Amino acid sequence: MKLICLTFLIISEITVSRSELYEVVGAVDPVFAVAGEDVILPCSVKPNISVVDMRVEWFRLDLKDSQLVHLYEDHEDKNSNQIQSYKGRTKLIQQELEKGNTSLRVSSVQVSDEGLYKCFIQSKSWYDDATVDVRVEAVGSPPVITVDGFDHSGGLHLQCESEGWNPEPDLEWLDSEGVSLSSETTETHRNTDGFTVKHTMTVYERDSKIHCRFKLKHHMLEALIITTSNMFNSWRTSVIVISVCVVLSVIAGILIAVFAHKNKERIQLQNEHSQLQNEKSRIQHERDQLLKTILPKALMYLRSHTVNVILDADTAHPCLIVSDDGKQVRSGNTKMKGVDGNKDRFDDYLGVLGKDGFSSGCFYFEVQVKGQTEWDLGVARESVNKGSVYLSPENGYWIVGRRYGSYQACDSSAYSFSLNVDPQRVGVFVDYEKGLVSFIDVESMSHVYSYTDQSFNKKLYPFVCLGFWKNENATPLIICDDYL
């Protein structure tokens, strides 16, 4: 009888253990994050059983000392021993734990967050883990080109420097024709904020535009310097002066003549400079007068293709509030009550599409962005992926946007650019047959950015967005119709 009871207990224990068997699944490929934005580190159990009563621990594999990133145990977060730099930046989605989803959200990503993470899940009778490789991409400071003198043969030494990149960026020098120029020396330093890179080269061409470009996979920054004949004339003058000084040490009488010649040359250069300034002012005045005539007519032409854009609330992210007339959208920061989760909505970007799409001809609309510090707008292809994808033409988006005080577009790769003034109202013009999507600053009547030679084969819908995942600025984006 005792043998029968013992056998029954062993079989029961095996049955219980097998019922709790599960596999922890992470990400097969590295997870890429952008510094300053938020990232989700994927982790879940299969089959999708509840982990509410289990221990969930996230920690770093590549750190020697304290490794804890986030700990959930006994139905609550216990982060007293958490790495200091993660304080207040990690979060498990509580309602997802019942579905077996233990993905970790890390906010305001830093370069130091890059590394290997372990997701460890333990029940009373079983445990398993998965590894997630996180790569952080940080865009550095705008490149600065400095002139570092001349060499003995009259070449102009240029140095280009930028800091705060991760990973180490590619740098290239380009001439005015877009042809790559070779660098001579490279200095690279790394600290907790990323890479600092210095490149130098020597230029012998006069009256040429030289570009210094830093590139990552999804970002690019560049600086421009225009080399003029005056720069090289300065070098030639310096060589002459040095040669004359050598002669002066032997023949003192030439000293007076040389100084007289130098003074005459200086006066001549001053006169030439004054003439150039006057010519520059004259050309700029003529250009301003021309623009005052042309730009209003250009804006009138664009507005002749105006369409009535109404935002489709059924596509809006659950945290967005779309006005009843479909002309305004703002962030509510939390999921709106009564929102139908079964609709085909944006789930990471705070985006919304227009109700009507266009598959031929030209169309134009304007969006007021005044007071909003984070936005994207443009057009999106029909049935576009509304998940966490780059807003690029490859994924069906043609947009410009503002993030962290700078402006960006995403052509073949992310491209940051600067504007003289912050746009308050942006116009979007599309020529479907010509493959053109162009953006203008309506108030200053200046060009912002254009996508050219695109290929459209599906309907295009107006698209506006208030950033990625959250936006605490309650200022709405407004579809303008006061010029109709």
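Quick notes on this structure:
- Considering residues of segment 52-77 that are in contact (Cβ under 8 Å) with a residue 40 or more places away in the chain and part of a strand (DSSP E or B) only, the residue most open to solvent (accessible area, probe 1.4 Å): R55
- Any chance S108 is out of contact with any Ser or Thr (no Cβ under 9 Å at 6 or more places or on another chain) and either over 26 Å from G164 (Cβ atoms) or assigned to a strand (DSSP E or B) (or both): no
- Residues in segment 308-317 that are open to solvent by less than 30 Å² (accessible area, probe 1.4 Å), not polar (S, T, N, Q) and not in a strand (DSSP E or B): V309, A316, H317.
- The number of residues in segment 422-442 that are part of a loop (DSSP other than H, G, I, E, B) and under 19 Å from the mean Cα position of the chain (by Cα) comes to 2.
- Subset of segment 1-51 [at pLDDT 90 or above, of a type in the set (S, T, Y) and not in a strand (DSSP E or B)]: Y22, S50
- Condition check for V197: of a type in the set (A, V, I, L, M), more than 18 Å from G155 (Cβ to Cβ) and surrounded by 13 or more Cβ atoms within 10 Å (Cβ to Cβ): yes
- Exactly one residue out of Y432, Y407 is without any contact (Cβ under 8 Å) to a residue 60 or more places away in the chain, of a type in the set (F, W, Y) and surrounded by 15 or more Cβ atoms within 10 Å (Cβ to Cβ): that is Y407.
- S80 more than 26 Å from G194 (Cα to Cα) and either hydroxyl-bearing (S, T, Y) or not in a strand (DSSP E or B) (or both): yes
- Single residue of segment 212-229 satisfying the filter (open to solvent by less than 40 Å² (accessible area, probe 1.4 Å) and assigned to a strand (DSSP E or B)) that is modelled with the lowest pLDDT: T227
- Residue that is surrounded by 18 or more Cβ atoms within 10 Å (Cβ to Cβ), in contact (Cβ under 8 Å) with a residue 12 or more places away in the chain and within 20 Å of F214 (Cβ to Cβ), where the choices are S183, S162, S141, S176: S162
- Options K118, K99: the member that is outside any strand (DSSP E or B) and not polar (S, T, N, Q): K99
- Of all the listed residues (I49, I93, I83), the sole one being β-branched (V, I, T), open to solvent by 40 Å² or more (accessible area, probe 1.4 Å) and without any contact (Cβ under 8 Å) to a residue 40 or more places away in the chain is I93.
- Single condition N471 does not satisfy, out of (1) polar (S, T, N, Q); (2) open to solvent by 20 Å² or more (accessible area, probe 1.4 Å); (3) under 24 Å from E37 (Cα atoms); (4) touching a residue at least 60 places away in the same chain (Cβ under 8 Å): (2)
The values are calculated or read from the model by the stated rules, or taken from the named source; none is laboratory data. A quick note: this is a predicted structure, and the numbers were derived from the prediction, not measured. Reconstructed Cβ throughout: ideal geometry from the backbone, glycine too, with neighbour counts over all protein chains shown. Accessible surface is based on the protein model in full, side chains and every heavy atom, while ligands, DNA and RNA are left aside. Shrake-Rupley method; radii C 1.70, N 1.55, O 1.52, S 1.80 Å.
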